[in-house]
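K.L.:
There's a structure below that I have some questions on.
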């Protein structure tokens with residue numbers, strides 16, 4: 001029983017260790033975390049009113065940054081709904097304690113489309129706070145610069161895009177302080193991310209284990225469990241445990257022989 005518990009603990013620890021390893025910079029679709037880096041604040045975009053704005057003119061408090069495209073058939077709408085849902089449940093105020101910036105990475109999206117999309121997802125948020133969720137569109141060069149600076153990797157697939165689902169916390173100075181993965185978020189997690197961002201504190205991702213266990217499938221446009229990766233890791237753990245057990249057993253036998 002003790003050996004089984006040790007094996008289980010080793011398996012979890014090894015998974016967590018692998019999950020903490022950074023994604024290769026060569027990855028096409030996913031997140032390459034750039035914690036502590038500062039995003040380019042001079043980049044220009046268009047807000048939903050078709051005004052030209054810079055990120056520097058908009059970011060003056062902790063800011064939730066998300067990337068979507070407005071005709072997305074899969075992850076984008078659930079992500080935006082997840083953001084709206086968690087904001088509506090927080091004991092912090094949008095516009096006072098933090099802002100939200102959503103940037104489309106599709107150059108075909110327009111300010112008018114951004115305005116229509118915004119109306120779909122601000123209904124859960126108090127009307128007085130809705131102006132602090134900004135929907136931006138832009139030109140390809142600026143989109144590529146901000147997505148690369150944030151470590152957000154996406155790829156065109158026909159008329160659509162394959163892309164990860166995450167929100168990125170940006171400090172008032174434009175520093176990346178936290179990544180939160182998925183399409184749903186806990187109010188406490190987001191609150192802590194906001195508080196830390198206000199102080200400029202960089203925190204490692206706590207749920208990289210999920211990112212290790214699941215990968216984005218470009219065909220189904222959904223996240224799938226990586227059975228091969230998990231089985232391979234489990235076999236590796238078994239091998240390491242068995243080797244350690246053999247070494248310990250051999251050492252015990254040699255000590256026994258010496259004593260006799």
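K.L.:
So, restricting to strands (runs of 3 or more DSSP E) that lie completely within the range 21-80, which ones have at least 3 residues that are closer than 20 Å to residue 185 by Cβ and touching a residue at least 40 places away in the same chain (Cβ under 8 Å)?
P.N.:
Of the strands (runs of 3 or more DSSP E) lying wholly inside the range 21-80, those with at least 3 residues that are closer than 20 Å to residue 185 by Cβ and touching a residue at least 40 places away in the same chain (Cβ under 8 Å) span 63-68.
K.L.:
For the range 78-91, check the following and say yes or no: at least one residue is on the phi < 0 side of the Ramachandran plot and over 21 Å from the mean Cα position of the chain (by Cα).
P.N.:
yes
K.L.:
Just to verify a result, which residue in the range 99-114, among those that are assigned to a helix (DSSP H, G or I) and touching a strand residue (DSSP E or B) at 6+ places or on another chain (Cβ under 7 Å), is farthest from residue 46 (Cα to Cα)?
P.N.:
Here the residue is 114.
K.L.:
Right, another one. Could you please let me know if residue 193 is part of a helix (DSSP H, G or I), within 13 Å of the chain's Cα centre (by Cα) and over 19 Å from residue 77 (Cβ atoms)?
P.N.:
Spelling it out, residue 193 is indeed part of a helix (DSSP H, G or I), within 13 Å of the chain's Cα centre (by Cα) and over 19 Å from residue 77 (Cβ atoms).
K.L.:
Among the residues of the range 149-183, how many are under 19 Å from residue 30 (Cβ atoms) and not in a strand (DSSP E or B)?
P.N.:
Counting residues in the range 149-183 that are under 19 Å from residue 30 (Cβ atoms) and not in a strand (DSSP E or B) gives 9.
K.L.:
Right, something else. Got at least one residue in the range 78-98 being modelled with pLDDT of 95 or more, closer than 21 Å to residue 43 by Cβ and assigned by TED's automatic domain parsing to the domain that holds residue 45?
P.N.:
Among the residues of the range 78-98, at least one is modelled with pLDDT of 95 or more, closer than 21 Å to residue 43 by Cβ and assigned by TED's automatic domain parsing to the domain that holds residue 45, which makes the answer yes.
K.L.:
Further question: From the list 203, 153, which one is farther than 29 Å from residue 107 by Cβ and either at pLDDT below 95 or surrounded by 19 or more Cβ atoms within 10 Å (Cβ to Cβ) (or both)?
P.N.:
203
K.L.:
Here's another thing I want to ask about it. Among (1) modelled with pLDDT of 95 or more; (2) in contact with a helix residue (DSSP H, G or I) (Cβ under 9 Å, 6 or more places away or on another chain); (3) part of a helix (DSSP H, G or I); (4) closer than 14 Å to residue 30 by Cβ, which single condition is residue 146 missing?
P.N.:
(4)
The values are calculated or read from the model by the stated rules, or taken from the named source; none is laboratory data. Predicted model, so just to flag it, every value in this text is computed and none were measured. Note that each Cβ is placed from the backbone with ideal geometry, even for glycine, and that neighbours are counted across all protein chains shown.
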